[in-house]
1. Could you tell me which label, among [x] 39, 25, 24; [y] 44, 27, 23; [z] 54, 34, 19, carries the value of semi-axes √(5λ) of the Cα gyration tensor in Å calculated for this structure?
2. Nearest 10 degrees, 0 to 90: what angle lies between the long axis of helix 139-157 and the longest principal axis of the chain (Cα atoms)?
3. Using only DSSP helix segments of four residues or longer, with each worth -39500 (n - 2.57), what per-residue ellipticity at 222 nm results for the chain after dividing by its residue count and rounding to 500?
4. I'd like the orientation of helix 173-189 relative to the chain: the angle between its Cα long axis and the longest Cα principal axis, in ° from 0 to 90, rounded to 10.
5. Taking Cα atoms, how many degrees apart are the long axis of helix 493-503 and the longest axis of the chain, rounded to 10 and kept between 0 and 90?
6. Need the list of lysines near Lys220 for cross-linking: C-alpha distance under 27 angstrom, and skip anything on the same chain fewer than eight residues off.
7. Provide the per-residue ³J(HN,Hα) series for the range 464-473, in order, calculated from phi with Karplus coefficients 6.51, -1.76, 1.60 and θ = phi - 60°, each as a whole number of Hz, with x at glycine and proline positions.
8. If neighbour count is taken as other Cβ atoms inside 10 Å, put Leu410, Leu24 in order from fewest to most.
Amino acid sequence: MNAFEHVEALIAGALAALVAEGKLPAELANSRVDVETPRDPTHGDLATNVAMVLAKPARMKPRDIAEVLKRKLEALDVLDAVEVAGPGFINLRLKPAFWQQLVAAIIAEGDRYGRSGIGHGQRVNVEYVSANPTGPMHVGHCRGAVFGDALANLLAFAGYDVTREYYINDAGSQVDVLGRSAYLRYREALGEDIGEIPAGLYPGDYLKPVGAALAQRYGKSLLGKDESEWLSAVRATAIDMMMAMIREDLAALNIRHDVFFSEASLRSGDRDQVKAAIAALDGKGLIYSGQLPRPKGHDDEEWEERDQVLFRSTAFGDDVDRALQKSDGSYTYFAADIAYHFDKLERGFRHLINVFGADHIGYIPRMKAAVAALSGGDADFDVKICQLVKLFKNGEPFKMSKRAGTFVTLRDVVDEVGRDPVRFMMLYRKNDAPLDFDFAKVTEQSKDNPVFYVQYAHARAASLFRNAEEAFPGLTEASAEVRQANLTLLDNAGELDLVKRLAAFPRLVSGAAGAHEPHRVAFYLYDLASALHSQWSRGNDSPHLRFIRQEDRAVTAARLALVAATRQVISSGLAILGVEAPLAMR
């Protein structure tokens with residue numbers, strides 16, 4: 001049950017009745033109605049500005065519409081009070097019975113509560129992480145990985161058919177450097193003193209196992225050969241082992257992908273998807289041969305004016321047209337990216353989401369131009385930027401041991417504090433805002449640590465059922481006594497406030513999914529957990545408000561029903577974030 005949609009339907013019905021009665025113009029039939037929660041709770045439970053929206057098409061004053069609508073709404077049993085405020089706002093206060101019945105609806109729906117059909121089963125491709133397979137993922141990749149995975153969970157919860165994709169950059173100069181670096185470790189594994197790693201190669205110890213694997217597979221057969229003879233085999237082994245390590249690191253964060261797409265596969269065998277993508281753009285008149293202007297700040301003496309194969313990206317909002325081929329005839333990195341997104345479109349995706357790091361902000365306009373051009377404007381393409389993460393401990397910059405040699409790895413952070421704190425805290429700030437990650441804060445057991453506070457609320461709810469069964473044998477979460485409890489006994493202001501927060505969950509999920517903002521779920525869970533903890537504290541101060549009333553089984557059953565509904569919503573929200581919903585806290 002979606003409380004907001006239910007009330008919106010009631011208002012729409014009242015409007016239709018007024019139109020049928022001739023009290024409102026016929027053109028207002030089937031008008032869209034939006035209901036929101038007032039910022040000031042003294043104004044009521046819900047509010048709508050429908051009268052002001054309809055004023056112009058009705059050619060009436062907003063307040064006149066509001067007054068006639070008020071009289072119609074006052075006849076509804078579900079509403080306790082209807083007030084017209086300001087120029088035409090309508091504030092609604094619902095009867096306690098409405099909120100009480102919602103508890104039963106949440107319990108009946110279980111983990112289906114909050115799910116919506118806004119996605120209508122539409123296919124959406126979410127590409128995230130896509131770290132170069134040249135070493136372990138660092139803490140910057142960590143945030144993008146968690147964000148992308150939670151966004152995919154959120155979209156699936158909202159009714160989309162989600163494909164989670166990782167783009168492997170296994171073509172180009174960076175993987176040649178990887179192959180040369182691995183070959184150096186191969187020589188080392190065979191007993192050679194390789195000395196200091198030369199500049200331009202990857203220095204991390206993570207390549208030593210690759211060297212050992214090459215030595216075991218090839219023995220000394222690769223020594224003394226020309227690079228052209230060993231580079232392909234060494235590079236392939238290194239990429240495979242790097243991707244295996246990356247998959248293990250992602251698994252430590254409970255992150256999975258449905259598709260690992262190889263850049264090299266764009267041009268393999270008889271296939272040349274880059275050529276096909278350029279041909280598709282050329283067929284639209286968007287490819288030409290020309291010269292690009294000298295970039296700002298570029299040395300005039302080094303600048304070479306030459307004709308290039310260019311894509312008219314300026315026709316789609318980019319600030320300059322983009323080159324697709326280098327002077328040696330090879331394709332640019334951008335050309336490969338165009339081909340990759342062309343492949344996504346060829347696979348039938350019309351909803352594309354990419355998660356980029358902060359260093360790729362300047363790349364967004366050209367990619368949007370490419371997708372718009374290739375799809376003829378038929379596809380929507382959203383790029384989410386994950387800003388930098390700074391590491392702290394007790395408020396001071398924190399330098400960890402760096403197993404990668406030059407940077408802090410994703411695995412370093414997970415091993416230090418655990419999966420759940422990493423995932424929750426990476427989402428407890430909007431993705432495009434810098435994030436300070438304090439190792440001490442994310443592990444302390446206090447209200448100031450959001451992940452602990454939310455997980456503790458779920459564990460507290462579970463403990464209430466264990467304690468209740470000791471006081472009232474048979475009174476379990478699954479018992480008919482709880483599932484069919486007399487919910488009219490939930491009449492305390494704190495209890496009703498908790499129900500109203502539960503009622504916001506479906507609307508919250510739909511809004512977060514539509515905006516591609518999973519952080520909203522994390523914020524909501526903290527507020528919901530706070531409401532549960534607050535009601536618990538009220539029971540400590542006033543025994544008659546305790547969830548378990550030793551002298552009253554019926555009241556206890558009703559309050560446990562509220563606890564069950566709250567636990568369900570917290571569990572569903574944590575599942576979206578990919579965080580465990582514990583039954584007990586250690």
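1. [z]
2. 50 degrees
3. The helix-only estimate for the chain comes to -15500 deg cm²/dmol at 222 nm.
4. Its long axis makes an angle of about 70 degrees.
5. 50 degrees
6. Candidates past the 8-residue exclusion: Lys208.
7. Once rounded to whole Hz, the list reads 4, 5, 5, 5, 5, 5, 5, 7, 10, x.
8. The fewest-first ordering by Cβ neighbours comes to Leu24, Leu410.
Bear in mind these aren't lab numbers, they're just calculated from the coordinates by the rules spelled out. As the structure is a computational prediction, the values presented were derived from the model and not from experiment. So basically every Cβ, Gly included, is an ideal-geometry build from the backbone, and we count neighbours across all protein chains shown.
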